[in-house]
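This report concerns only the one structure given below.
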Amino acid sequence: MKKLAIITTHPIQYQIPLFKILKKFGIEAYVFFASRHGMSLKNKDPEFLKKIKWNNEKYSLSGYRSFFSKNQKRNIDDFKLSFDEIENKLKKEKFEHILILGWNNLHYLKSFYYALKLNIKIILRVETNLKSQVNILKKIIKFIFLRFLFKNITYFLSIGKLNRQFYLSHNIHQKKIFPAPYFVDNKFFSLKITKNNIKKKFKLEDKKIILFVGKLIDRKNPIEFLKLAKQYQTKAKYHFIIIGDGYLKKDCKNFIKKNRLKNVSLKGFVNQRELRKYYKMSDLMIVTSLYETWGLVINEAFCFHVPVICTSKCGAAKDLIINGKTGYTYKSGNLNQLKNRLKSILNDKKLRKKMSLNIKNHIKKYSIVKTVESLLKIFDEK
């Protein structure tokens, strides 16, 4: 059985299926977490502004080896987040390969340092793309830092086209870049119950459902979604649903109240098991984000064959959105363009049906299998 050390901040929902499945392919995953964030209601999510329990601990930590830092009190966004005992753990298990899933805190940086010290081959997977930094000074500093860092990394996992371009821009040879597209658990994001039955349960059977899923924060731009809903407040057949929480929740409530929007439901935070019902009954999802390195909600919607309209600033748009076939992109802030995109999908039943079929075939390419295949190829390299 091959061994793989994996470095990440905390148990993250979309990463856990990968940790679990590796054993079936002859790879024992040893995952080093710096925090238990999301495993209990003790941790307050800094953007949701409330205590969120994302994971069932028994499910999340079974099927692979997991290790937690003794110091688990730091916030996951804190640069000082660290696994202080990492050197001894890596030395004890004598790993040949280590997969590091970031670079923005001490936990990752220490792992880089000790991997180099112990002569462990480093595999890097990050979300960054060429659109990630707009500040010129930050761009320059990051460029210098990454040029140094990348010289010491053996392999790179690419989550999509923009991420691959980012690696190539740093003169990484294409032979060192392996595909590992972002995925969700496609089996989990499925329901046998019909769309109409769910709509009846929510008393929305005569409505066309337009969905927003995301934190209510500036970057996600939920007010633009509400501005769109305002344009349709006289259209009784359209209903807009917002799933999420955050510091803009009060602003969203005020907008709804001020404009007397009766065609909007603000549902707050919904766990993934319940979230599936909202995807299943939706006719369209809209992603209004000002910027996303990827946007996994698009993967989730696609598991239910729901067309998506997203801003051109979403990293996933380059891979998942094929204009007119799986959805549309639009320019952030261009409400008329967004409105026209919505009309073209919701007013054309044949197009929606065709898009759903295209999505069903397209999303199959974005599964856990590609990442596993890439890791197996890396292990086989001499």
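Every number here is computed from the coordinates shown, using simple stated rules; none is lab data. These figures come from a predicted structure and were not determined experimentally. Note that we place each Cβ from the backbone using ideal geometry, even for glycine, and neighbour counts take in every protein chain shown.
Coupling constants for the stretch 343-350 follow from the phi torsions by the Karplus curve (6.51 cos²θ - 1.76 cosθ + 1.60, θ = phi - 60°), and in residue order they are 4, 4, 8, 6, 8, 10, 4, 5 Hz; glycine and proline get x. When both bridge partners sit in the chain, DSSP labels roughly 5% of those beta bridges antiparallel. Just check the stretch 226-277 against the gyration tensor rule for me: Cα atoms, a ≥ b ≥ c as the square roots of the eigenvalues, rounded for a/c under 1.5, and otherwise prolate or oblate depending on whether a/b exceeds b/c. It comes out oblate by the Cα gyration axes. Backbone phi angles across the stretch 279-293, fed through the Karplus curve with coefficients 6.51, -1.76 and 1.60 (θ = phi - 60°), yield HN-Hα couplings of 4, 4, 8, 7, 9, 6, 10, 10, 10, 9, 4, 6, 6, 9, 5 Hz in residue order; Gly and Pro are listed as x.
Residues whose amide H falls under 5 Å from that of GLY102, counting only those 5 or more places apart or on a different chain, are ARG125, with hydrogens built in the peptide plane.
What pairs from LYS227/LYS365; LYS23/LYS365; LYS161/LYS339; LYS280/LYS365 go past 24 Å between their alpha carbons? Those over the limit are LYS227/LYS365; LYS161/LYS339. Neighbours of SER158 by Cβ distance under 9 Å: Lys/Arg scored +1, Asp/Glu scored -1, total +3.
Which residues among the stretch 227-256 fall inside the zone where the amide N is under 19 Å from a point 7 Å beyond the Cα of LYS203, along Cα→Cβ? Flagged as within label range: 236-242.
Among THR326, THR194, THR311, the largest mean-square fluctuation in a Gaussian network model of the chain (Cα springs under 10 Å) belongs to THR194.
Checked against a 30 Å cut-off, the cross-linked pairs LYS142/LYS277; LYS343/LYS370; LYS230/LYS277 give Cα-Cα distances beyond that limit for LYS142/LYS277; LYS343/LYS370.
Other residues whose C-beta falls under 9 angstrom from the C-beta of GLN233 contribute a net charge of +4, scoring Lys and Arg +1 and Asp and Glu -1.
If we count every other residue with Cβ under 9 angstrom of LYS70's Cβ, Lys/Arg +1 and Asp/Glu -1, where does the sum land? Overall, the nearby charge balance is -2. As an equivalent ellipsoid, the stretch 190-232 spans semi-axes of 26, 15, 7 angstrom, where each value is the square root of five times an eigenvalue of the C-alpha gyration tensor, largest first. Measuring between their Cα centroids, the stretch 171-203 and the stretch 246-283 lie 21 Å from each other.
Calculated from the structure at hand, Cα extents along the principal axes in Å is found among [x] 66, 46, 42; [y] 62, 41, 39; [z] 86, 48, 35 as [x].
Only Cα pairs under 8 Å and 6+ residues apart enter the sum, and on that basis the relative contact order of the chain stands at 13 percent. Under 5 Å from the amide H of TYR330 lie the amide H atoms of CYS310, THR311, SER312, each residue being 5 or more positions distant or on a separate chain, with H modelled from the backbone and absent for Pro and chain starts.
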